[in-house]
Amino acid sequence: MACHSAYCSAFSPSPPRGFYAKFNSSRRYICKPIHLSPITSRRASYNTLVSEAVRLLGPPASFEASKLKVDFMGESMNDYSRILPRTYILSHCDFTANLTLTISNVINIEQLRGWYIKDDVVAEWKKVKDDICLHVHCYVSGPSLLRDLAAEFRYHIFSKEMPLVLEAVLHGDSVLFREHPQLMNASVQVYFHSSSKNYNRVEHWGPLKDAAEVSLVA
C-alpha cells in the first residue's frame, strides 16, 4: 500500500523554522507533503520497560461528561445539515483532568500553536473517495536525545486513551451524530506523528462505534 504523503505541514513531526508564517491570511494552513508508514490494523510493539511504566499508570481514564467543556467556533457550526468541513481539537488539564473540545470548520491555528510540545489531539472529517472518515492526529515525538523512548511511551499513552478522545467527540458533538447516525460506522484512521520511524504510522481503528469502546489496558 502506498504511503500517505498529502498531509499538511501543521501535522509534521517537528515544525520547521518559520512554520507559522506558512499560514495565509484566510487562516487556513498550506499543505506540505510528509510521509507516513502504510495504514495498518496492528499496534506497534513495546519494550518491557515502557510497557511496565504505562501499566503502572493505571487503566485508561473513564470519560466524565461533567469534565468536558465544548467550544463552537463559527456560526456555521450550528448547521448540522452538512458534515464537511468539521474539525476538533481536544485539550486537557493535567491538574483537574478537565477536557476542552473545540469544534470548528477549520483548524484553530492559535490553539494549535505549540501542538508539537503539547498533548492535544486533532481530528477532522475527511471524504475519501465516496466514504466519510474520521482522521485523528497525535504528536508522538520530534528530534531529541531520548526520542525513541519518549516516542514509545507517548505512542502507548495516546493509544490507551484514544477511546476517551473518541467518546469526547461523540458527546461534545452529539447533535451531529443524532442528525447523521451513519457517522457511527465511519472508519477511524489514527495518524501518529513522530521522528521515530517505528511510531510515525497510520492505524486503522475500525468503525467509530467500535473504536470508542476499545479497551487497551496494558
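The values are calculated or read from the model by the stated rules, or taken from the named source; none is laboratory data. Since the model is a prediction, treat every value here as computed from it, not as a measurement. Here the Cβ is made from the backbone with ideal geometry for all residues, glycine too, and neighbour counts use every protein chain on show. Accessible surface is based on the protein model in full, side chains and every heavy atom, while ligands, DNA and RNA are left aside. Shrake-Rupley method; radii C 1.70, N 1.55, O 1.52, S 1.80 Å.
Evaluation of residue 161 against the conditions (1) out of contact with any Phe, Trp or Tyr (no Cβ under 9 Å at 6 or more places or on another chain); (2) farther than 17 Å from residue 139 by Cα; (3) of a type in the set (Asp, Glu) shows that the sole unmet condition is (2). Selection of the stretch 66-80 for residues being open to solvent by less than 90 Å² (accessible area, probe 1.4 Å) and either in a strand (DSSP E or B) or over 20 Å from residue 158 (Cα atoms) (or both) yields 68, 70, 71, 72, 73, 74, 76, 77, 79, 80. Tell me, which residue of the stretch 118-133 that is basic (Lys, Arg) and surrounded by 13 or more Cβ atoms within 10 Å (Cβ to Cβ) is modelled with the highest pLDDT? Applying the filter and picking the extreme gives 126. One residue alone among 130, 94, 148 is of a type outside the set (S, T, N, Q) and within 14 Å of residue 192 (Cα to Cα), and that residue is 148. All conditions but one from (1) at pLDDT 85 or above; (2) aromatic (Phe, Trp, Tyr); (3) open to solvent by less than 40 Å² (accessible area, probe 1.4 Å) apply to residue 115; the one that does not is (1). Checked across the stretch 184-195, the condition of being more than 21 Å from residue 131 (Cα to Cα), open to solvent by less than 10 Å² (accessible area, probe 1.4 Å) and touching a Pro at 6+ places or on another chain (Cβ under 9 Å) holds for at least one residue. Does any residue of the stretch 137-151 turn out to be among the acidic types (Asp, Glu), at pLDDT 95 or above and either touching a Cys at 6+ places or on another chain (Cβ under 6 Å) or open to solvent by 10 Å² or more (accessible area, probe 1.4 Å) (or both)? Looking for residues that are among the acidic types (Asp, Glu), at pLDDT 95 or above and either touching a Cys at 6+ places or on another chain (Cβ under 6 Å) or open to solvent by 10 Å² or more (accessible area, probe 1.4 Å) (or both), one finds none in the stretch 137-151, hence no.
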